[in-house]
Amino acid sequence: MTSPALHATHLRTILAHVPTSITAVAALVEGVPAGMICGSFVGLSLEPPLVGLSIQKTSSTWPLLRRAGSLGISVLTEDHREVVRQIAGPASQRFANLGWQESEGAVLLDAACAHLRTRLHAEVDTGDHVLSVLEVLDATEFLAAAPLVFHGSQITTVAPAWKE
């Protein structure tokens with residue numbers, strides 16, 4: 001069976017059925033925190049340790065971040081719902097009144113599920129996006145609230161694990 005011509009809006013509707021994690025990627029750029037929300041974070045390899053971010057080519061923030069020697073990835077939790085909107089907003093206000101720490105140039109948000117300090121390993125052209133492959137330099141896991149995901153075109157959380 002062949003399908004009719006695929007339209008971007010139809011594909012977006014289909015992909016909305018797949019939950020994706022919500023992360024913040026950030027670094028110090030000329031001494032000031034710069035960052036963005038990324039809803040397409042994925043583990044790629046354990047040996048070597050690599051993760052990936054799919055970045056829209058129209059991003060004005062990625063050209064700044066990609067030059068940083070160290071990038072921080074914060075896996076966001078349900079406590080970050082408003083932070084998502086803030087970091088997706090005007091660049092000058094993204095880190096206003098937010099708790100964060102710096103690690104060798106990487107900016108990591110407080111109260112995240114996990115922090116990863118990474119550096120750019122490679123970029124792959126993937127149509128209207130770039131797959132940014134990042135080498136994981138170190139990572140820390142925290143006991144935190146439920147992680148945020150983007151699912152059904154909404155910011156939501158992962159349901160707690162079912163236990164007997």
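The values are calculated or read from the model by the stated rules, or taken from the named source; none is laboratory data. Quick caveat, the model's predicted, so the values are computed rather than measured. Please note: Cβ atoms are built from the backbone with ideal geometry, for glycine as well, and neighbour counts cover all protein chains shown. The accessibility values were calculated without ligands, DNA or RNA, using every heavy atom of the protein model including side chains. Shrake-Rupley method; radii C 1.70, N 1.55, O 1.52, S 1.80 Å.
Amide hydrogen proximity for GLY105: with H placed 1.01 Å from N in the peptide plane, no residue at 5 or more positions away or on another chain lies under 5 Å. Taking every alpha-carbon pair under 8 Å whose residues sit at least 6 apart, the chain reaches a relative contact order of 27 percent. Just checking the listed ones, ALA27, ALA112, ALA122: in the Gaussian network model of the chain with Cα springs under 10 Å, the one fluctuating most is ALA122.
Express the carbon and sulfur contribution to the solvent-accessible surface of the chain as a percent, rounded to the nearest whole number, probe 1.4 angstrom. Kindly include the intermediate steps, with their values, before the conclusion.
Numbers: 5640 of 9920 Å².
Carbon plus sulfur share of accessible area: 57 percent.
Computed about its Cα centre, the charge dipole of segment 36-113 is approximately 440 debye, with only Lys, Arg, Asp and Glu carrying charge at their Cβ.
Of ASP128, ASP110, which has the most accessible area and how do the rest follow, probe 1.4 Å?
Numbers: ASP128 110, ASP110 70 Å².
Largest accessible area first, the list is ASP128, ASP110.
With all protein chains kept in place, the per residue accessible area of segment 47-150 amounts to 52 square angstrom at a probe of 1.4 angstrom. Here the convex hull built on the C-alpha positions of segment 53-100 has a volume of 107 cubic angstrom per residue. A crude spin-label estimate for the pair ILE14 and GLU141, with each label 7 Å from Cα along the Cβ direction, gives 3.4 nm. Summarising the overall dimensions of segment 39-135 from its C-alpha atoms, the Rg and Dmax are 13.4, 38 angstrom.
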